[in-house]
Each structure stands twice: as structure tokens, then as C-alpha cells.
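Student: Dropping the structure in here first, questions after.
The values are calculated or read from the model by the stated rules, or taken from the named source; none is laboratory data. Bear in mind that the values here come from a model prediction, so they are computed numbers and not experimental data. For neighbour counting, all protein chains shown are included, and Cβ atoms are generated from backbone atoms with ideal geometry for every residue, glycine included.
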Amino acid sequence: MYRIGELAKRYQVKTDTLRFYNKNGLLIPSLRSSSGYRLYTEHDSQRLSFILRAKEIGFSLTDIAELLSLKLDRENWACMDVKGLVNSKLDEINSKIKELECFKYSLQELSNSCCGGPESAIHCSILEALESKPKIYSKTASHSDVTNNHK
């Protein structure tokens, strides 16, 4: 049995993290002591390890709850269900990467347009570009789409 502080220390997380997981239904202590302290079993410890590993690789708490649900009821789910959840997360990450690449390109263009000199920023090309009418790009536009639109 682990008290909350012991389990938190074992996984190098704060006790508030465990309380948060408890509040959100991800990690409910198996027992309570007579004085009301949360007591965690080895099974709870393994569940926490699963939660932390899933969080570490990018799953949201909602995703983790779904993964835990699949894990607890394995016989009624197929591997394709689990893989579908992983592929959905992968698609989300790839979309964010494309969006970040567009941000990077736009910021690089702004940086390249400015002399960066010591003179007054009255005619700063970066500030002028940000004051001008925005060019609208789709969030799904690829880096090459953005590059081609600027040529």
C-alpha cells in the first residue's frame, strides 16, 4: 500500500497531480485509511504508470480515459480500435506540425524583411507588416503552399 505522498514520490509527480487524476476519474485510490488518507495498491501504481506514459507521448486526459477504458475491457475491443485512437492522435500532431511550420515560415519572412538596425522603429517593416491587411491562409495549408503564395 502507498499513501499519496509515497506514490507521488515513486513517480516523481506532485501529490496535487494524483489528486487531479482522482478528481477526473483517472486514478481513484483503492482504499482509504480509517483517518481518511488515500491508499493506493500496486494495481493503482501500475495504472498511474500507464497514465504518465500515455501523457508523456502526447495523449490528452480524455484520450487517456478512453485508453484506460479500452484496457479494462480488452476482450470487447479490437486492436484496430486502439490503433484508431493512436492514428487519430498522430493525425492531430501532424496537423499541428504543419501549422507550426507555417508560423515558422511567416516569422522567418518577417525577420528577413527587417534590417534590425539601431534606428527608430518608426518605419519598422515588421510593425508595418503586422499593421497591414492580413494574408489569410488555411490552417491546413502546407509549408510549400505558403512558400508558393509568397513568390
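Student: Within the range 80-115, which residues are hydroxyl-bearing (Ser, Thr, Tyr) and without any contact (Cβ under 8 Å) to a residue 12 or more places away in the chain? Spell out the reasoning first.
Tutor: Keep residues of the range 80-115 that are hydroxyl-bearing (Ser, Thr, Tyr), which gives 88, 95, 105-106, 111, 113.
Result: Ser88, single match.
Student: Just one of (1) under 26 Å from Tyr2 (Cα atoms); (2) surrounded by fewer than 11 Cβ atoms within 10 Å (Cβ to Cβ) trips up Pro118, so point out which.
Tutor: Unmet condition: (1).
Student: Across the range 25-49, what is the total count of residues that are polar (S, T, N, Q) and exposed (fewer than 13 other Cβ atoms within 10 Å of the Cβ)? Lay out the reasoning, then the answer.
Tutor: Within the range 25-49, the first condition is being polar (S, T, N, Q), and the residues that meet it are 30, 33-35, 41, 45-46, 49.
From the residues that got through so far, the ones that are exposed (fewer than 13 other Cβ atoms within 10 Å of the Cβ) too are 33-35, 46, 49.
Residues flagged as polar (S, T, N, Q) and exposed (fewer than 13 other Cβ atoms within 10 Å of the Cβ) within the range 25-49 amount to 5.
Student: Looking for whichever is in a helix (DSSP H, G or I) and either assigned by TED's automatic domain parsing to the domain that holds Arg10 or under 27 Å from Arg10 (Cβ atoms) (or both) here; the options are Leu26, Leu90, Leu70. Which one fits? Full working, then the answer.
Tutor: Values: Leu26 fails: in a helix (DSSP H, G or I); Leu90 fails: either assigned by TED's automatic domain parsing to the domain that holds Arg10 or under 27 Å from Arg10 (Cβ atoms) (or both).
The conditions single out Leu70.
Student: A further question follows. Look at the range 1-40 and say how many of its residues are at pLDDT 90 or above and among the polar types (S, T, N, Q).
Tutor: 5
Student: Working only within the range 29-67, note down all residues that are under 25 Å from Val86 (Cα atoms) and in a loop (DSSP other than H, G, I, E, B).
Tutor: Quick first cut of the range 29-67, residues under 25 Å from Val86 (Cα atoms) only: 43-67.
Within the range 29-67, Ile57, Gly58, Phe59, Ser60 qualify.
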